[in-house]
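All remarks here apply to the structure that follows.
Derivation of every value follows stated rules applied to the coordinates shown; laboratory data play no part. These numbers were taken from a predicted model, which means no experiment stands behind them. All Cβ positions, even for glycine, are placed from backbone atoms using ideal geometry, and neighbour counts span all protein chains on display.
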Amino acid sequence: MNIFRLSGDMLHLISFLVLMYRMRGQRSCRGVSLKSQILFLIVFCCRYLDLFFSFVSLYNTMMKIFFISATATIVYWMLTKYRSSYDMDNDKLHGDGSFMGHLPPHGVLGYIIVPCFLLALIWNEGFEAFEILWAFSIYLEAVAILPQLFMLQKTKEGEAFTLLYIFCVGAYRGLYIINWIYRYFTEKHYWQPLVWVSGVVQTLLYADFFYYYWIALRDGAKFQLPG
Amino acid sequence: KSLLESHDEL
């Protein structure tokens, strides 16, 4: 554990709280992508299967349980009490609904889940169920934010807490990269190309967002994407 | 490499 990873984890933890605080406070999930949240739920469920058979630390265990339960709560809220405020039209991916006129997650399944799973079958740290699901979760996490970013792209502007949520998740990823660099130079056998490549891809996806978020904060102006 | 070493991050 180093300060970079700890700060990253704390920002990740705060991101859930920000999103939940916002949804409860405004009694609305407008501007939040249900697809991204479901993808994150799949990510955590697949990756933290090891809760049942391996123990790293109390810290890891508590965080894993928190990540799963917080995301499950957010998804549950979006499907139940805040359902009426869900902006489904802006949470559509290209290709959604084109499959025999139904199956809304078609785009997510075809463009995100299936490719990640196929990649996990090819590049993993061991050809066994747990390792494949673990690699799948790493790849899926890298792109899980895409529906949320697409949604922002469509609406052009975001509500302050939703932007703060995206900022926290992006910053957490950025800190993880610094954590890997630190670990690489301080630990003897630390070598995780699979995680590094996915993590860098994941962080790059936030670059555009960070740029416009920073502009808005600097100028004290409203966040607005071009186009 | 043991599972513990490889999967020790969140």
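The angle between the Cα long axis of helix A:34-47 and the main principal axis of chain A comes to about 10°, on a 0 to 90 degree scale. For A:Glu159, no residue whose modelled amide H falls within less than 5 Å of its own remains once neighbours fewer than 5 places apart on the same chain are excluded. Using a cut-off of 19 Å between alpha-carbon atoms, which aspartates and glutamates can reach A:Lys64, once sequence neighbours fewer than 8 places away in the same chain are excluded? The reachable aspartates and glutamates, counting only those whose Cα sits under 19 Å from A:Lys64, are A:Asp9, A:Asp50, A:Glu131, A:Glu141, B:Glu5, B:Asp8, B:Glu9.
Each label point was placed 7 Å from the Cα along the Cα-to-Cβ direction; for A:Ile178 and A:Leu49 their separation is 3.4 nm. Computed from phi, the 3J(HN,Hα) profile of the range A:18-29 under the Karplus parametrisation 6.51, -1.76, 1.60 (θ = phi - 60°) reads 4, 5, 5, 4, 5, 5, 5, x, 9, 6, 7, 10 Hz, with x in place of Gly and Pro. Against chain A, whose longest principal axis is taken from its Cα atoms, helix A:146-155 shows a tilt of about 20°. Computed from phi, the 3J(HN,Hα) profile of the range A:166-179 under the Karplus parametrisation 6.51, -1.76, 1.60 (θ = phi - 60°) reads 5, 4, 4, 5, x, 5, 4, 5, x, 5, 5, 5, 4, 4 Hz, with x in place of Gly and Pro. Around the amide H of A:Asp87, modelled in the peptide plane, lie the amide H atoms of A:Gly31, A:Val32, all under 5 Å away and 5 or more residues distant in sequence or on another chain. State the Cα centre-to-centre distance between the range A:212-227 and the range A:161-189 in whole Å. Going from one Cα centre to the other spans 23 Å. Straight-line cross-link partners of A:Lys92 among the lysines, defined as a Cα under 23 Å from its Cα and at least 8 positions apart when in the same chain: A:Lys35, A:Lys81, A:Lys154, A:Lys156.
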